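The values are calculated or read from the model by the stated rules, or taken from the named source; none is laboratory data. These numbers were taken from a predicted model, which means no experiment stands behind them. For neighbour counting, all protein chains shown are included, and Cβ atoms are generated from backbone atoms with ideal geometry for every residue, glycine included. Remember, those area values only see protein heavy atoms, side chains included, never the ligands or the DNA or RNA. Shrake-Rupley method; radii C 1.70, N 1.55, O 1.52, S 1.80 Å.
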Amino acid sequence: MRVEKEVLRKQIEKNLKVSFGKELNEAKDFEIYRALGQAIMENIADNWYDTGKLYEKQKQAFYLSAEFLMGRALGNNLINLGMLGEVRELFEELGIDYNKVEDAEEDSALGNGGLGRLAACFLDSLATLNLPGKGYGIRYRNGIFNQEFRDGYQIEKPETWLKYGDVWSVMRPDDEVIVTFGDGSVRAVPYDMPIIGYGTNNINTLRLWEAHSLVDLDLAKFNQQDYLHATQQKTLAEDISRVLYPNDSTDEGKKLRLKQQYFFVSASLQDIVKRYKKVHGNDFDKFAEFTAIQLNDTHPVIAIPELMRIFVDIEGISWEKAWSIVEKTFAYTNHTILAEALEKWWVGLYEQVVPRIYQITQGIDNQLKGLLEERFPNDVNRQNRMRIINGNMIHMAWLAIYGSHKVNGVAALHTEILKNKELKDWYELYPEKFLNKTNGITQRRWLLQSNPQLANLITELIGDSWITDLSELKKLEVYLDDEKVLKRILDIKHEKKVELAEFLKKTQGIEIDPDSIFDIQIKRLHEYKRQLLNIFQIIGLYNKLKLNPNMNFTPVTYIFGAKAAPGYFIAKGIIRLINEVAQMINKDPDVNSKLKVVFVENYRVSVAQKLFPAADISEQISTAGKEASGTGNMKFMLNGALTLGTMDGANVEIVEEAGKENNYIFGLTVKEVEEMRNNGYDPHVPYNSVEGLKKIVDSLVDGTFSDLGNGVYGNIHRSLMETAPWHQADQYFVLEDYEAYRRTQQIINKEYTFRMDWARKQLKNIANAGKFSSDRTIKEYAEEIWNITPVKL
Ligand code: DL6
Ligand code: PLP
């Protein structure tokens, strides 16, 4: 989009006056950020409106997700609009530091981790590909908590991105709808965020719902000076969209959570149906021809009975016909095979919160019962296993599969595990429903914006078409033996490491050496992701360096970033352990010129954008079979970090693309994990036989480290060494994989010093990252699941 610098300056000045009563020379960074944001909103208004009109008559895909982890919008919007250069120039002329203005924006953090960030990347790709798609979710007042460390432990502080409202959202009061629960109704008020595609005029929409009370104030109670109860109804209603549940990969099972789910799903479906009727009237025969709805995990699956309710109760469609439309409309993505994350609702609670939806769910379950009896007449066990309502639990994944025409996993290995194991019963019933859609990431945010230096080099070498077609990167392979190019790749990596070091110095007061290896593990804290394996290796290294200070060793900086779910005791203990080890190592003059450990506080999207480009090593060390895909692994790869990982999730495809020899793969495979589990794995075997391991494990409980008395280190120790009724000893195979991991680290430590060979491996990874663009993923969804086609403004 072309906006004259002069015009933009006037807009900013006017917005500053209108919103903050200030002249440019008095304005604070935050105010300038807001004024610029407002100016962008003004400039895109026409295209946004026109895109909406254009899509009305098309088949559209609606992405229903309880989470959208968007991060900051300003830089991304300017880049996608092609305005960043002009804005930088203008600010320079005006003596404004653009970077500070960008930093004034709070992350929009309405998600936990991978699942929510994937949704955000998908929106960027949909808009860039000119696809008629729209996101629907919840406008949480408080996103994922802010993390602080106290005594090495995580403390959660409320996140307040809406403290001063937000400049990227527009309330659309005319589209307000009423959502009704068993105990009353609330207003759902939509806020629209523009999703600006790269190099196109199309502007898509993310619609987030905010909950409000039907009545703001009970005036009678107020007049009796009962102020608390006078606003009680308002508070209860607003509670629904107040906070994001901070769980990742765990099923919450709380009443408010169910209310959140039904709230945004019901509001979104009412909206979708209303818009459909505006164009097609009451002819619902074509509904599925014009509407595709993607269910992002089980959180929005209540949409299946809700659409049945709208069709049958409100539109007067017969049950049979309604079901056939529903089945053609929905598709479901599974993001996890962790048993604890498969959502189930207790019948009593579900019936209480959404009584009519419960009846409809019973109807669906009953219909399924008939089908199962017909298909598996001699297998009563299987019939029972597959029932949606089973005993007193409602199984949302089963409801999702039964009510969808397509079911997908998020990486090839993950989909195979679903078909052959977790969802085997269902795969045998509906083989035609299952397919794989390997995740992807948007190169606009994760390369062009986060790493302009590398982006510029790539553009210089192969042109800029990679920005919208990442497979173009393959052309970089002609430079694999070009020492000048390899040298520049090394220089850029060094520059990004210097930038990160400066950031960490400023924010955490820590000094790290950009000439050391930056080995980075950033992702949610979870036992299956095995941050514990990483810190064990570091403890082992420390022990060894203490004994042998002159051993041949390339200095390494180990960097962590992770939030733990607030109720996840062991995860929080692991955070404390890492912080404690970091403190011990960083202040020990015997080792701290060779080894450093940093735990980045409050890991989030804006910080991720500084971390991925600065990594030499990408830690992807989950127990094989547990990480559905991973998307952080792809961001590292695209920025020229080498993967140190297990054969899990999308790591498998990463090394398929870039070559095992250009990455560092270690550890048990899915098959080996399974065999060990079946043959009775005993962690005492590695504990007793692997050099140095016993000392490391014992240090949890022998006084070397201290959990400050809450017993969490003892818990971690028991989880590793003792079998309990609810888990096997070391169920994530930390001890078993330790030696292979340690040896691989050792190899890396040596190979890093062969700089040209290393750079060649980096280039090999960058050149083969094309598959992992979310543009590729979204094209596949569009063609194979949604059946939607691009339409350009
Ligand atoms: O598909 C996005 C992302 C995957 O990359 C991760 O491997 C997976 O763990 C994550 N799943 C969740 C599960 N949440 N729930 N339920 O976040 O999805
Ligand atoms: N959190 C943030 C901020 C991310 O950017 C990502 C992915 O890149 C994740 C979480 C998920 O990380 P992973 O795929 O390693 O689980």
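Being in a loop (DSSP other than H, G, I, E, B), open to solvent by 10 Å² or more (accessible area, probe 1.4 Å), under 19 Å from Asp737 (Cα atoms) and not aliphatic (A, V, I, L, M) narrows it down to one residue among Glu627, Glu672; which is it? Exactly one residue qualifies, and that residue is Glu627.
For the range 303-310, the criterion of being of a type in the set (Val, Ile, Thr), surrounded by 22 or more Cβ atoms within 10 Å (Cβ to Cβ) and part of a loop (DSSP other than H, G, I, E, B) is met by none of the residues. Out of all the residues in the range 630-652, is one or more open to solvent by 40 Å² or more (accessible area, probe 1.4 Å) and more than 18 Å from Phe772 (Cβ to Cβ)? Within the range 630-652, none of the residues are open to solvent by 40 Å² or more (accessible area, probe 1.4 Å) and more than 18 Å from Phe772 (Cβ to Cβ). For the condition open to solvent by less than 30 Å² (accessible area, probe 1.4 Å), free of Cβ contacts under 8 Å to residues at least 60 places away in the same chain and out of contact with any strand residue (DSSP E or B) (no Cβ under 9 Å at 6 or more places or on another chain), Phe222 does not qualify.
Return yes when Ile389 is within 13 Å of ligand 1 (Cβ to nearest atom) and surrounded by fewer than 22 Cβ atoms within 10 Å (Cβ to Cβ) and no when it is not. It is false that Ile389 is within 13 Å of ligand 1 (Cβ to nearest atom) and surrounded by fewer than 22 Cβ atoms within 10 Å (Cβ to Cβ). Out of curiosity, is Leu644 within 18 Å of Ile539 (Cβ to Cβ), away from ligand 1 (no atom under 15 Å from the Cβ) and either basic (Lys, Arg) or touching a Ser or Thr at 6+ places or on another chain (Cβ under 8 Å) (or both)? Against the criterion (within 18 Å of Ile539 (Cβ to Cβ), away from ligand 1 (no atom under 15 Å from the Cβ) and either basic (Lys, Arg) or touching a Ser or Thr at 6+ places or on another chain (Cβ under 8 Å) (or both)), Leu644 qualifies. The helices (runs of 4 or more DSSP H) falling completely within the range 709-785 that include 2 or more residues that are under 30 Å from Asp481 (Cβ atoms) and either out of contact with any Asp or Glu (no Cβ under 6 Å at 6 or more places or on another chain) or open to solvent by less than 20 Å² (accessible area, probe 1.4 Å) (or both) map to 734-751, 755-767, 774-781. Take the conditions (1) more than 15 Å from Tyr558 (Cβ to Cβ); (2) part of a strand (DSSP E or B); (3) of a type outside the set (S, T, N, Q); Glu619 misses just one of them, which is (1). Can Leu74 be described as closer than 19 Å to Ser606 by Cβ, away from ligand 1 (no atom under 16 Å from the Cβ) and open to solvent by less than 10 Å² (accessible area, probe 1.4 Å)? The answer is yes for Leu74.
Of everything in the range 326-336 that's more than 16 Å from ligand 1 (Cβ to nearest atom) and buried (at least 20 other Cβ atoms within 10 Å of the Cβ), which residue is farthest from Ala412 (Cα to Cα)? Looking at the filtered set, the residue picked out is Val326. Glu472 fulfils the conditions (1) open to solvent by less than 10 Å² (accessible area, probe 1.4 Å); (2) touching a residue at least 24 places away in the same chain (Cβ under 8 Å); (3) more than 16 Å from ligand 1 (Cβ to nearest atom) except for a single criterion, (1).
For the range 160-191, the candidate set comprises residues that are loosely packed, with under 13 Cβ neighbours inside 10 Å and not in a strand (DSSP E or B); within that set, the residue that is farthest from the chain's Cα centre (by Cα) is Asp183.
Would you pick out the residues in the range 694-708 that are surrounded by fewer than 19 Cβ atoms within 10 Å (Cβ to Cβ) and assigned to a helix (DSSP H, G or I)? Across the range 694-708, the qualifying residues are Lys694, Lys695, Asp698. Restricting attention to the range 629-640, and to residues there that are within 9 Å of ligand 2 (Cβ to nearest atom) and of a type outside the set (S, T, N, Q), which single residue is farthest from Ala411 (Cα to Cα)? My answer is Phe636. Could you check, for the range 104-124, whether at least one of its residues is more than 16 Å from ligand 1 (Cβ to nearest atom) and open to solvent by 30 Å² or more (accessible area, probe 1.4 Å)? Yes.
Would you call Lys626 more than 13 Å from ligand 2 (Cβ to nearest atom), of a type in the set (Lys, Arg) and under 30 Å from Ala729 (Cβ atoms)? No, not satisfied. I want to confirm something. Restricting to the range 225-236 and keeping residues that are over 17 Å from Ser185 (Cβ atoms) and loosely packed, with under 14 Cβ neighbours inside 10 Å, which single residue is farthest from the chain's Cα centre (by Cα)? Among them, the one singled out is Gln225. Hey, any hits in the range 32-50 for a residue that's under 24 Å from Thr777 (Cα atoms) and open to solvent by 10 Å² or more (accessible area, probe 1.4 Å)? The answer is no, given that none of the residues of the range 32-50 is under 24 Å from Thr777 (Cα atoms) and open to solvent by 10 Å² or more (accessible area, probe 1.4 Å). In the range 476-499, the count of residues that are open to solvent by 50 Å² or more (accessible area, probe 1.4 Å) and touching a Ser or Thr at 6+ places or on another chain (Cβ under 7 Å) is zero.
Would you check if there is a residue in the range 207-218 being among the acidic types (Asp, Glu), closer than 23 Å to Tyr140 by Cβ and open to solvent by less than 30 Å² (accessible area, probe 1.4 Å)? Looking through the range 207-218, at least one residue is among the acidic types (Asp, Glu), closer than 23 Å to Tyr140 by Cβ and open to solvent by less than 30 Å² (accessible area, probe 1.4 Å). Can you confirm whether Thr200 is more than 29 Å from the chain's Cα centre (by Cα) and of a type in the set (Ser, Thr, Tyr)? Taking the combined requirement at face value, the residue does not satisfy it. Here Ala400 clears all of (1) buried (at least 24 other Cβ atoms within 10 Å of the Cβ); (2) within 16 Å of ligand 2 (Cβ to nearest atom) except the condition numbered (2).
Per-residue answers, yes or no, for (1) in contact with a Leu (Cβ under 8 Å, 6 or more places away or on another chain); (2) farther than 22 Å from Leu349 by Cα:
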| residue | (1), (2) |
| --- | --- |
| Arg242 | no, no |
| Tyr245 | no, no |
| Ser249 | yes, no |
| Gln261 | no, no |
| Val265 | yes, no |
| Lys277 | no, yes |
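Restricting the range 337-355 to residues that are surrounded by fewer than 16 Cβ atoms within 10 Å (Cβ to Cβ) and in a helix (DSSP H, G or I) leaves a set whose member that is farthest from ligand 2 (Cβ to nearest atom) is Pro355. Here Asn296 meets the list (1) closer than 27 Å to Ile314 by Cα; (2) over 20 Å from the mean Cα position of the chain (by Cα); (3) touching a residue at least 60 places away in the same chain (Cβ under 8 Å) almost entirely, failing just condition (2).
From the list Leu371, Leu413, Leu418, the one residue that fits, being open to solvent by less than 10 Å² (accessible area, probe 1.4 Å) and not acidic (Asp, Glu), is Leu418.
Filtering the range 597-641 to residues that are of a type in the set (Asp, Glu) and either within 14 Å of ligand 1 (Cβ to nearest atom) or farther than 27 Å from Arg150 by Cα (or both) leaves Asp616, Glu627.
Tallying residues that are within 16 Å of ligand 1 (Cβ to nearest atom), open to solvent by less than 10 Å² (accessible area, probe 1.4 Å) and not in a loop (DSSP other than H, G, I, E, B) within the range 57-71 yields 4.
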